[in-house]
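Some notes on the structure that comes next.
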Amino acid sequence: MTKSPLALARTALATAKIALLPYSSKYSRHDYTQHQHFALLALREFLKTDYRGLEQILRDWAELRDTLGLEKVPDHSTLQKAAVRLLEKQRPNSRLGSRPIRAYPLR
């Protein structure tokens, strides 16, 4: 277990490159890869922050952006939608009518 956000980001990015395709569709905009989204979501959990907080951290932390290969900072809504999409892929389909996994807290 690491205590370094940069080390975690590097490890999550490398892991995602093994496990995920770069884009969810050949028609994707190609602004960010699924690898980058996965690493950002892992970082969000590590830092115990919300999507807006992660967006602000990325704006302030140039070295982290460089580590992840980000040319621009993703909007908080982009991160939330990526979380929903990535979590959907991990959940097995069930005929029992199971509820979807929520990537954001209920209000």
> Can you name the helices (runs of 4 or more DSSP H) wholly within the range 1-97 that have at least 1 residues being in contact with a His (Cβ under 7 Å, 6 or more places away or on another chain), surrounded by 14 or more Cβ atoms within 10 Å (Cβ to Cβ) and without any contact (Cβ under 8 Å) to a residue 24 or more places away in the chain?
Replying inline: 5-19
>> Checking the conditions here, which among HIS37, HIS30 is under 18 Å from LEU86 (Cβ atoms), touching a helix residue (DSSP H, G or I) at 6+ places or on another chain (Cβ under 7 Å) and not polar (S, T, N, Q)?
In response: HIS37
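Where a number appears in this text, it was derived from the coordinates with a stated rule and is not lab data. The model shown is predicted, which means the values in this text are computed figures rather than measured ones. Positions of Cβ are generated from backbone atoms using ideal geometry, with glycine treated the same way; all protein chains shown enter the neighbour counts.
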